[in-house]
Amino acid sequence: MPSSTTGTRYFARPTSIDETIRNPPSEAAGVSMGEDQVKEALQDAKNVKESYTKQEQEPVSLKKEKSKQGITFAAQDKLPKLPIPELDSTLKRYLEALAPLQGASEHNDTRAAVRDFLDNEGKDLQERLKKYATGQTSYIEQFWYDSYLNYDNPVVLNLNPFFLLEDDPTPARNNQVTRAASLVISALCFVRAVRKEELPPDTLRGTPLDMYQYSRLFGTARVPTENGCIIGQDSDSKHVVVMCRGQFYWFDVLDENNDLIMTEKDLAVNLQVIVDDAEQIPIHEAARGALGVLSTENRKVWSGLRDLLTREEGSNNADCLNIVDSALFIVCLDYTEPTDVSDVCGNMLCGTSEVNRGVQVGTCTNRWYDKLQIIVCKSGSAGINFEHTGVDGHTVLRFASDVYTDTILRYAKSINGQAPTMWTSQSPDPSKRDPESFGDVSTTPHKLEWDMIPELSIALRFAETRLADLIHQNEFQTLDFTGYGKNFITSMGFSPDAFVQMAFQAAYYGLYGKVENTYEPAMTKMYFHGRTEAIRSVTPESIEFIKTFWADNAPQKKVDALKAAAQKHTAITKESSKAQGHDRHLYALYCVWQRKVNDEGAEAASTTGFSSNGYSSPTDLSDAGSPRRIEESPISQNRSRTGTDASASRSPAPPLHQMPALFSDSGWEKINNTILSTSNCGNPSLRHFGFGPVSGDGFGIGYIIKDDCISVCASSKHRQTKRFVDSLESYLNEIRRLLKAVRPKDLAAAKITRAREVEDKTKDGRLKSRGRAIKAEAAKVDGATTPASMETAEVEDDGLGGYGFFDAGMLLQALKKDPAKPAEQIAQKRRTVGKKLALTEY
């Protein structure tokens, strides 16, 4: 069938990143702020938010008030600027992070390098950084973008993370077409709220956070060029692209006012038509023209292929590519359904690889990794894979959460018209509008038919085989631990994130007998254009706990060591969330030095002047929002963790003899070689979250701590990932046994909730109070006393670890314990059947 390009849109580049970050609001133009100024700026931002109506701040309500636009970005110019830490403090934190990872001799060398840096180049680079930061939105932002955009290796498995959504709670939507239609409708409502600036800002304890990333979420694409990638954006994009069996389709979904022009039923019809059309071509034949595979190529190779597609302006291929690039987002309809949850996660991250009669027919051909993708499997399982140069996991999590919530509320509204809605205002009902009011739109699906010239066919073949190699080099395993979750952890007096971080280190030590460099991101969006800071989870306290735990020590001693380690982790997390870590600052200093060398005309300086490609950059994928560290360090260029030539990255380091001792020291290499790359990102709308491993000998660990369970998705390049996950599960069970064994006695005597406190205040002799009260003092569970209350020792969960917001029902291995008594067996049996409402447990 002939291709149709009704209303072809020309993909326009947005305002350059350089221009954007060099023109901050006037209030944010200062070099740095003191602590009091930061507090004052945050209060100003909070005051702006509170100037809006309750309905605008929290749209989910029954009655709608007349609202004004602009709440989404209203507090932006009141946010404080990302502070530049003091050099002394940064270097002190750097040494503290390396101390537990180095031997005595190696650490002495690093200390000497730090002293040399502080006495010589450091102070000059610090002043240069402060001068550079004047007038910038953030001292790190330009360097951050360069770290992303100069990355040459394939983005699949190396950069793009994924979210796996929970199944739709409405049974009618748990098939592919209806689920996809529902998700698209909710996603479009989110797009509309952002564009009309009606989306309430993210907040932390009532204070609004930076919302800039939401303007870069839709209609954007990562576009490779000869000199690195750029981010293209069509801010007026009105259409979506649907991929099915590697074939491309598109249709309009919004009008010029960003109102929806299709109902959920209309969308379902379009998607079903697309599925039916795609099935007309045998999968083996369709695979030979699945151009989405090209987006998985090395970025230099992909740049050349894009030039091939667009060399004739206005050609069919150029128009087709423009339609894809400028789409709001991509909807991927997969024709298969993985049955194992680990396979489902792999499908969301990189697709499946299945070669049949010499042709790749897996879902890996049904992707476009340069854009935000909503992926829906045959049976309705759905997820999100995103290109995150301009957005972090926290931003996409908000999108996923609101989309999931909206599907539930729309179903509720179909039952009760007075049910609440997520949105401040609604699009007019498309079914009741005059079609003329839609404007120049095309709501009928159009298929993109590429001209498969020989060069493209050959390139596609080679790209597919390289992609298949990459997929088979990685493995994924999940753990749906249902033994306990946030509720139990906080009841024991621990921060949930710190508790789980110690679990990762203990499980790894249990397998390998050593502790390795561990990374976790902390969100810094309380600052203008804030992104993340690194949390270095390995501390002397965590080392002491791990050695204590695996030795023959008393339970109380083990628990005490765990408390000390968790408290230290929480303290580091809070510092990092205030942008007081060392990673981003030292990376910026390295980039300033690199720029200085370039300005002085050094022969081997970076051609871009700011790109790092691997030197303490914000490039660890575990924050689900920054490109990963490339393993090659200034003193080690012989490792590749991706199976591709990492040395092809565009920005080689300047020669060693010109490099400050700090950056040529072995400690610099060690801190940038992440073995356990972790991120806490999720909430009940997500089933799993994950990403590929950061290093060839490491693990990528995405985790979600829910009220009563912990979900983990681990990846590695075949480093016995299943065994690591099993070790983690065993540790979680053992530490629960220890905690119950040493539980403070006062917990058992405590009241459960305020509802129980009323018993002490209503001793008025009423007839209803007669009879013997059944006291819930304590009960025996698993051979240990369970408290009547899990609230007395609760700690604040500030949501700062990872992204601090995030089950598949896999059977747990039975705990090794003494045979239960008959009464205990009955209680345990009931607990496995449904959620136990026993006051003694929670």
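Each 5 Å bin from zero holds the following percent of Cα-Cα pairs in region 383-517: 2, 6, 6, 8, 10, 15, 13, 10, 9, 9, 7, 4, 1, 0, 0.
Residue-wise HN-Hα couplings along region 175-182, as the Karplus relation 6.51 cos²θ - 1.76 cosθ + 1.60 with θ = phi - 60° gives them from phi, are 10, 4, 5, 5, 5, 5, 4, 5 Hz; Gly and Pro carry x. Counting only DSSP beta bridges with both residues in region 158-472, what percent are antiparallel, rounded to the nearest 5? Antiparallel: roughly 75 percent of the beta bridges in region 158-472. Ranked by the mean number of other Cβ atoms within 10 Å per residue, highest first, peptides 731-738, 386-393 order as 386-393, 731-738.
With the highest mean first, a sort of the peptides 511-519, 179-187 on other beta-carbon atoms found within 10 angstrom per residue produces 179-187, 511-519. For the listed residue pairs Lys525/Lys568; Lys78/Lys371; Lys81/Lys371; Lys81/Lys596; Lys130/Lys578; Lys558/Lys670, the alpha carbons are over 26 angstrom apart in Lys78/Lys371; Lys81/Lys371; Lys558/Lys670. From Cα pairs below 8 angstrom and at least 6 apart in sequence, can you work out the relative contact order of region 158-472, rounded to a whole percent? Computed value for region 158-472: 31 percent relative contact order.
Region 158-472 has equivalent-ellipsoid semi-axes of 31, 21, 20 Å, by the square roots of 5 times the alpha carbon gyration tensor eigenvalues, sorted largest first. In a Debye calculation with equal point scatterers on the alpha-carbon sites of region 126-204 and no solvent, what is log10 I(q)/I(0) at q = 0.13, 0.23, 0.28 Å⁻¹? Each listed q corresponds, in turn, to -0.81, -1.05, -1.14. Computed 3J(HN,Hα) for region 295-305, one whole-Hz value per residue from the Karplus formula 6.51 cos²θ - 1.76 cosθ + 1.60 where θ = phi - 60°, is 6, 9, 6, 3, 5, 5, 5, 5, 4, x, 5, glycine and proline marked x. Size estimate for region 407-465 follows the Kirkwood approach: the inverse of mean 1/r over distinct Cα pairs works out to 16.7 Å.
Every number in this text was worked out from the coordinates using simple rules, so none of it is lab data. Note that the structure is predicted; figures quoted are calculated from it, not measured. So basically every Cβ, Gly included, is an ideal-geometry build from the backbone, and we count neighbours across all protein chains shown.
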